[in-house]
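The values are calculated or read from the model by the stated rules, or taken from the named source; none is laboratory data. Keep in mind that this is a model prediction, so the values were computed, not measured. Neighbour counts run over all protein chains shown; Cβ positions are idealised from the backbone, glycine included.
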Amino acid sequence: MKNIHLIDRWSRMALAIVLAQWAYFWLAGSGQWAAYAGAVILGGTAWVQVCPVYRLFGVSTASLSAYEMGTAWKVLGWAALLALCVGGSYGSMFFSRKLFLEEFNAMNHFYKQTLFLTGKDEREKANAEYDHLMPAWLAFQSKYKKYRPYALRKDTNLSANLVSVQAILSSVEPGVRSGDLHQAHLDLEKVRPVFQEMLKRNGFSMLSVALVDFHDSMELVLDAAQAQAVQKIVLLYPAVSEKLQQVEEQANDAEIQAIRQHLDALMAMAQAKQRDGLSDQADKLKSSFVKVYLQRG
């Protein structure tokens, strides 16, 4: 005998969809299989409308007959499940891709700084950046050896790339610390094409990488603008402008020029201490960025 009401059934199916999406898009290993198992159990009991646990304890949610719900409510319920399935999958694809880029950029920042400083023969600063680089790289490598976001799901070369980069970064340590800094710089240069090929192979344009990198710095300026902290905007501007220059190196059409115009206008207002318009100008900057990021990020 059925012991699950239609609303109970929808709730189980909704949770099953969430667990399945969580497992497919976000998890790896035992956690992934546990989430899949939960999705199957919830989806199965919802499908047959029988819950063994309810039966064991003599509980039933089927006391209110399903036919007492209007047709409109039933249509709405099934439509909500469909929307959850489609929207959740699309959102997971988008945000898992975005998270990968953010984590890559955070790690890559330390790589680029170490590369730059070894090239400038600044050993002390290069050592400090290398001290940040290795923990960031090891965390990145550990995660993506096990887990594949949807955008990288079909990449059969990723594991080999991670091993290759690990070997290079480990081998340059003696040179960075106290050895031949120039040779260490040349060896570090070998990482760059590996990263570029990995991103290109998986559909990540260098523009999308630069946009995500710029976004993190831009958010600091937006927060300062909302707080009307003009001096902070002035202090943050050079770093944010440099990040935007990296975007402009990849593309500099009218939409990206609009980002530059709004950023420079915000800086001009901060220098003139025009606090009243900062919030509106910050909104314009964010809107111009979002327009580009959603289309091309």
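Quick notes
- Helices (runs of 4 or more DSSP H) wholly inside the stretch 95-212 containing at least 1 residues that are in contact (Cβ under 8 Å) with a residue 60 or more places away in the chain: 123-146, 173-177, 181-189, 191-201
- Count of residues meeting criterion [among the small types (Gly, Ala, Ser) and either over 27 Å from the mean Cα position of the chain (by Cα) or surrounded by 18 or more Cβ atoms within 10 Å (Cβ to Cβ) (or both)] in the stretch 246-297: 8
- Within the stretch 1-31, the only residue that satisfies the criterion of being modelled with pLDDT under 95, among the β-branched types (Val, Ile, Thr) and crowded, with 17+ Cβ neighbours inside 10 Å is ILE4.
- The set of residues in the stretch 1-32 being assigned to a helix (DSSP H, G or I) and more than 23 Å from the chain's Cα centre (by Cα) consists of LEU6, ILE7, ASP8, ARG9, TRP10, SER11, ARG12, MET13, ALA14, LEU15, ALA16.
- Search result, residues across the stretch 93-129 that are of a type in the set (Phe, Trp, Tyr) and surrounded by fewer than 16 Cβ atoms within 10 Å (Cβ to Cβ): PHE94, PHE95, PHE116
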